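Here the structure comes first, spelled out in structure tokens, and everything after it is commentary.
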Amino acid sequence: MSVSATSRRTICIVTGTRAEYGLLSRLMRAVRDDADLTLQVIATGMHLSPEFGLTVQHIEADGFTVDARVEMLLSSDSPVGIAKSTGLGVIGFADAIARLKPDLLVVLGDRFEIFAATQAALPARVPIAHIHGGETTEGAMDEAIRHAITKLSHLHFTSAEVHRRRVIQLGEQPDRVFNMGAPGLDNIAHTPLMGRVELEKSLGFELGGMDPEAPLFLVTYHPVTLANESPRRAFGELTTALDSFPRSRIIFTKANADTDGRVINTMLDEYVTAHPERMIAFTSMGQVRYLSAMKYADAVVGNSSSGIIEAPFIKTATVNIGSRQRGRLQADSIINCEDSAEEIRRALLHALDPETRRRTAQTVSPYGDGNATERIVGILKTHPLEDLVIKRFYDLP
């Protein structure tokens, strides 16, 4: 295990996507500003790709130093391309970790970029702290990656008690598994969001009215990576359903670098180009603008985890489409539907119903209270690191 030259612990945080950085940014600031900790940042994946917005620039604009850049994202989003990107990532992370020599590597979630980082950290004997383990997403290969990262990790910060129990069920020692809540909620609880006029000016897009005839939808649709078909049909069903609301205003955020993500983004661009008067699309909105748009939206639509975790905390209804997020802990403000145009249309109508709006306003998030960051930093500062890389399988009583 690496040991710092001083008594300050060096905490290296890995980020590969715009959404993941949004969840980690407050934790990164807290580590950077703590007198007992030194922050290192590794940027990888979509952050380094012009196609996905070159969002490493956003990280630096927020005042962070990027200590290493691990190039791993190939231009192909085929299954072979994803596998090869993962392999390149392992090589790049091996070099970065050997150079930076952190005391602890912090990762979040379930993507292949993060899987590559943890594979490289294991033989380097750098202990890993994993955020958001123990969750289930039955429609995505992320399900398997998330549990694999759990088995590679040494400290676990889960978002709910049921997830803590599941990580222990995977054989992790209970005294290394902590229910902290979802750090993404901290951004909502502690970050001032934009007013409507300010947001419209920033987006260059009028949000429109809030009545049922002119709703505002915030839409993100990612590939269902365990599906046996191209996402072309499912995304077409979504756009057909949206056509049922001809007065709606729609903000799209583009799909990530999963298998067939480019298929969705090409269709999305064509759809928005055909309706420029009431639609707009972003590769990356940035955390404050995205959460502000969520605040004013009548519904968050698609299959992103933000509709499951952040939207209920901000009191916005979610129309969750298909199987990608199936199995996740859900608030009662979430409306699930299959990926057919008629089911999506009915779910959208349900989200706009006055009774649904009243119930959504009373929703209590199952993902914590918005204070996960302070709890996580406390463990990063104080948990003994000696022999942390030595793991014993915990058998349930």
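The values are calculated or read from the model by the stated rules, or taken from the named source; none is laboratory data. Small disclaimer: the values here were computed from a predicted structure and weren't measured. So basically every Cβ, Gly included, is an ideal-geometry build from the backbone, and we count neighbours across all protein chains shown. Note: accessible area is taken over every heavy atom of the protein model, side chains too, but ligands, DNA and RNA are not part of it. Shrake-Rupley method; radii C 1.70, N 1.55, O 1.52, S 1.80 Å.
How many residues are among the hydroxyl-bearing types (Ser, Thr, Tyr), assigned to a helix (DSSP H, G or I) and surrounded by fewer than 18 Cβ atoms within 10 Å (Cβ to Cβ) if we restrict to the range 236-295? Don't jump to the end; show me each part of the working.
From the range 236-295, those among the hydroxyl-bearing types (Ser, Thr, Tyr) are 239-240, 244, 248, 253, 259, 266, 271, 273, 283-284, 290, 292; that's our starting set.
Keeping just the survivors that are assigned to a helix (DSSP H, G or I) gives 239-240, 266, 271, 273, 290, 292.
Filter once more, so that each one left must be surrounded by fewer than 18 Cβ atoms within 10 Å (Cβ to Cβ): 240, 266, 273.
Qualifying residue count for the region: 3.
In the range 371-384, which residue that is more than 20 Å from the chain's Cα centre (by Cα) and within 15 Å of residue 35 (Cα to Cα) is most open to solvent (accessible area, probe 1.4 Å)? Even if it seems obvious, please write down each step before you answer.
In the first step, residues of the range 371-384 are kept if they are more than 20 Å from the chain's Cα centre (by Cα); the result is 378-384.
Restricting the remaining residues to those that are within 15 Å of residue 35 (Cα to Cα) gives 378-382.
Numbers: 378: 29, 379: 31, 380: 1, 381: 76, 382: 99 Å².
The residue in question is 382.
Got a sec? Which strands (runs of 3 or more DSSP E) wholly within the range 21-133 have at least 1 residues that are of a type in the set (Ser, Thr, Tyr), more than 30 Å from residue 366 (Cβ to Cβ) and at pLDDT 95 or above?
Numbers: elements: 37-44, 68-70, 104-108, 128-131.
Correct list: 37-44.
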- Query: Taking the stated definitions as given, is residue 58 in contact (Cβ under 8 Å) with a residue 12 or more places away in the chain, touching a Ser or Thr at 6+ places or on another chain (Cβ under 9 Å), open to solvent by less than 20 Å² (accessible area, probe 1.4 Å) and not polar (S, T, N, Q)?
  - Reply: no
- Looking at this structure, is residue 67 open to solvent by 10 Å² or more (accessible area, probe 1.4 Å), in contact with a strand residue (DSSP E or B) (Cβ under 9 Å, 6 or more places away or on another chain) and among the acidic types (Asp, Glu)? yes
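If a residue must be among the small types (Gly, Ala, Ser) and touching a Gly at 6+ places or on another chain (Cβ under 6 Å), how many such residues does the range 160-178 contain? Give the derivation first.
Keep residues of the range 160-178 that are among the small types (Gly, Ala, Ser), which gives 160, 171.
Retained after the next criterion (residues that are touching a Gly at 6+ places or on another chain (Cβ under 6 Å)): none.
Qualifying residue count for the region: 0.
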- Item | Selected residue (criterion: least open to solvent (accessible area, probe 1.4 Å)) from residues of the range 157-188 that are within 20 Å of residue 24 (Cα to Cα) and over 17 Å from the mean Cα position of the chain (by Cα) | 177
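Run down 364, 319 and say which single residue is touching a residue at least 24 places away in the same chain (Cβ under 8 Å), over 30 Å from residue 11 (Cβ atoms) and open to solvent by 40 Å² or more (accessible area, probe 1.4 Å). Let's see the steps before the verdict.
Values: 319 fails: open to solvent by 40 Å² or more (accessible area, probe 1.4 Å).
Only one candidate qualifies: 364.
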- Can you tell me how many residues in the range 70-105 are buried (at least 17 other Cβ atoms within 10 Å of the Cβ), without any contact (Cβ under 8 Å) to a residue 40 or more places away in the chain and of a type in the set (D, E, K, R)? 0
- For residue 387, are the conditions met, namely being at pLDDT below 95, open to solvent by 10 Å² or more (accessible area, probe 1.4 Å), under 28 Å from residue 168 (Cα atoms) and of a type outside the set (Gly, Ala, Ser)? yes
